[in-house]
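For reference, the structure discussed in these notes is given below.
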């Protein structure tokens, strides 16, 4: 398939501009989603949600 949205850093192509925006965080190191308990940053909100399940499980077993 056609991948018209190109990363200016490495040339990798993407079908959707939103995917390119997320990917560019690989190069910039941007991690806008932060865990409030551990101050750990994540590039994607979905990854933060998965991470937060660790804290939920910890609280269940206390």
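Remarks
- Extension gain (nm, one decimal) between residue 30 and residue 8, 0.36 nm per residue minus Cα-Cα: 6.3 nm
- FRET efficiency for the pair residue 17 and residue 38, taken as 1/(1 + (r/R0)^6) with r the Cβ-Cβ distance and R0 = 22 Å, rounds to 0.10.
- Equivalent ellipsoid semi-axes - Cα gyration tensor, the chain, angstrom: 32, 12, 7
Every number here is computed from the coordinates shown, using simple stated rules; none is lab data. Treat the numbers as computed from the prediction; the structure is a model and nothing was measured. All Cβ positions, even for glycine, are placed from backbone atoms using ideal geometry, and neighbour counts span all protein chains on display.
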